[in-house]
Every structure is written in C-alpha cells, then in structure tokens.
Amino acid sequence: MSHPISNLPKRTEKPRNKGITLALDKGFSVRQAEDFCEATSNYTDIVKLGWGTSLVTQNLKQKLDVYKSYDIPVYFGGTLFEAYVLRNELEKYVQLLQDYHIDYLEVSNGTIWLSEKRKNEIIKDLSKDFTVLSEVGSKNPDDIIPPYKWVKMIESELESGAWKVICEARESGTVGVFRPNGEIRSGLIDEIADQISFEHLLFEAPNKDQQVWFIRKFGSNVNLGNIQPAEVISVETLRLGLRSDTLFDFYSIDDKEIRDLYSDNKSDFSQESSS
C-alpha cells in the first residue's frame, strides 16, 4: 500500500490459509485472465473454473499458464467432478487434472446422489495427491439439510482429508446456507461455527450483502468463495473497512474530540437531509 493508513485490520498474506478469496472464472479468455491477474493477483488466492467450463474453454492451457505465472492455483468446478462420477469415470477426471498439472480439486455432491461414505472415501483417496476442497449443501432449494447434519458432514470430510469445506450457495447465493430470497440462514451458520472453526470453512458469498454479513460475523480473514472477478477488489475493501458498509466495523473512534466532531457532522447532515 503506497499510502498507509492507521487502524486497518491485519490481513493474512499469501499463500493464505485463512482470509481466502476464491474467484469464479466463468469463461475468461487468455487476455481477460491476464488483465484480471494484473489487477488482483495480491488479493486472489484461488480461481475456480466454474461448472464444466474447463472442457469447452479455448486455449485452456495458455490460460492456466497465466494463472500459474501469478502463483494463483486453479481448480475445475465441482459440477465437472460430478459429471465424471455420474459416468463412473473418476479415473478419467483424475487423469485430466494430471494432464493440466492441476493440484486442487473439489469433491461435491450438490446435484448427483453420492453417499457420504463414498464421498469420504474419495476425499481420503484424492487428498493423497491433491489439495481437496469438499462441498456441503444441495443445489436444490427445496432440499433443506438440518444443522446437525451439516456439522456431521463437515467434520467427517475434514477428518477424511479435506483442506477446506465449502458451504454451498451456488453462483446465485440462493441455496445451501442461504434461503431462496438470498437471506442468510444465520441460525445454521451459528450452529456450524459453534462447533467448527470458521478457518476450516469457505463460505460461498456471491452478493455484496452476503459478503458484508460474513466479514462482520467472522472478521476480515473469513474465507469467501464464488466471488465475481470484477468484485475481488471490492471484497478486499470490505475486508479492510475501506467501503462504507464496513467502515466502522474495524475501527473504533476512541478519541473524544474526533468522536464528538463525527457526531456533530452526522447530526448536521441529518438535519439538512430532513429539511
């Protein structure tokens, strides 16, 4: 930061184990990936190539090389994993990752039926050679998983070798830990976080109000996923209290003179607005 400012929250540094921002690449070109990395590489920890876009992306190797040159790990979306499992072709999926030198992968069952026993077996096996992010939660908005089951699944997947467990929300932010209207299932989050450290969790939070909620709840170094590439810088300002939504969440006005001045200015503004 070229112009330091006091009382900013302390952010973890790359490579991060917490405070992760996971960006969702839905089909960037090589040039778009270059521009994105040039602007945000300090704040982007992982890039997910959404869904099955990896199989239809032109110049995929060149794009992966761009991310690699900026030390940003990439993985293919969980839906692609599920597509291979659905066809009983998990070995082919692993070979695909090896061919492209992909070190991270997502193990999920948000759309297909995959027993927890089998899912944990896959996590345990693949975690020997890959950094595994598992995902808990259904993409079906009518499939409501009770909190105790969330906790049980997350604990078992961490024990099986998952590096982080992703709490499902989809790109829309309307399933999993969110209600169909985008409202956060705060009671569910409280129950999960009461038994599992938030450092082990990665919350999908595609919308700003959701990002603000998690940052206020867990602090600047909460792990957030499904962030639109154009919003990575915005999310970093939310983490640092450099956007109005979190301006006072990470800085306490202790100086009485400054506090009184702020209160007076706020009062003046309110009177002008009402007149």
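The values are calculated or read from the model by the stated rules, or taken from the named source; none is laboratory data. Since this is a predicted model, take the numbers as computed values, not measurements. Using ideal geometry, Cβ is built from the backbone for each residue, glycine included, and neighbour counts are taken over all protein chains shown. Quick note on the areas: whole protein, heavy atoms, side chains included, nothing else; ligands and nucleic acids left out. Shrake-Rupley method; radii C 1.70, N 1.55, O 1.52, S 1.80 Å.
Condition check ((1) surrounded by fewer than 16 Cβ atoms within 10 Å (Cβ to Cβ); (2) of a type in the set (D, E, K, R); (3) modelled with pLDDT under 95) across all residues:
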position	(1), (2), (3)
152	yes, yes, no
160	no, no, no
173	no, no, yes
180	yes, no, yes
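When 189, 166 are screened for being over 23 Å from residue 10 (Cα atoms), open to solvent by less than 60 Å² (accessible area, probe 1.4 Å) and either under 12 Å from the mean Cα position of the chain (by Cα) or among the charged types (D, E, K, R) (or both), only 166 passes.
Scan 151, 107, 85 and give me the residue that is over 30 Å from residue 232 (Cα atoms) and in contact (Cβ under 8 Å) with a residue 12 or more places away in the chain. Walk me through it before giving the result.
Details: 151 fails: over 30 Å from residue 232 (Cα atoms); 107 fails: over 30 Å from residue 232 (Cα atoms).
The conditions single out 85.
Can you pull out every residue in segment 41-61 that is small (Gly, Ala, Ser) and closer than 15 Å to residue 30 by Cβ?
The initial filter retains those residues of segment 41-61 that are small (Gly, Ala, Ser), namely 41, 50, 52, 54.
Selection gives 54 alone.
Could you check segment 22-53 and list, in sequence order, the residues that are among the hydroxyl-bearing types (Ser, Thr, Tyr) and out of contact with any helix residue (DSSP H, G or I) (no Cβ under 6 Å at 6 or more places or on another chain)?
Of segment 22-53, the ones among the hydroxyl-bearing types (Ser, Thr, Tyr) are 29, 40-41, 43-44, 53.
Listed by number, the residues that qualify are 29, 41, 53.
Within segment 14-63, being hydroxyl-bearing (Ser, Thr, Tyr), in contact with a strand residue (DSSP E or B) (Cβ under 8 Å, 6 or more places away or on another chain) and either farther than 22 Å from residue 203 by Cα or open to solvent by 10 Å² or more (accessible area, probe 1.4 Å) (or both) holds for 43, 53, 54, 57. Any idea which residue in segment 220-244 is farthest from residue 189 (Cα to Cα), counting only those that are open to solvent by less than 20 Å² (accessible area, probe 1.4 Å) and not in a helix (DSSP H, G or I)? Taking the candidates together, the pick is 241.
Which of the residues spanning segment 38-62 are closer than 27 Å to residue 95 by Cβ and not polar (S, T, N, Q)?
Passing the criteria: 45, 46, 47, 48, 49, 50, 51, 52, 55, 56, 60, 61.
Apart from one condition, residue 43 fits all of (1) in a helix (DSSP H, G or I); (2) over 20 Å from residue 130 (Cβ atoms); the exception is (1).
Report, by residue number, each residue of segment 132-149 that is open to solvent by 40 Å² or more (accessible area, probe 1.4 Å) and either more than 21 Å from the chain's Cα centre (by Cα) or β-branched (Val, Ile, Thr) (or both). Passing the criteria: 142, 143, 144, 146, 148, 149. Any residue in segment 59-69 that is among the aliphatic types (A, V, I, L, M) and in contact (Cβ under 8 Å) with a residue 40 or more places away in the chain? Checking segment 59-69: at least one residue is among the aliphatic types (A, V, I, L, M) and in contact (Cβ under 8 Å) with a residue 40 or more places away in the chain.
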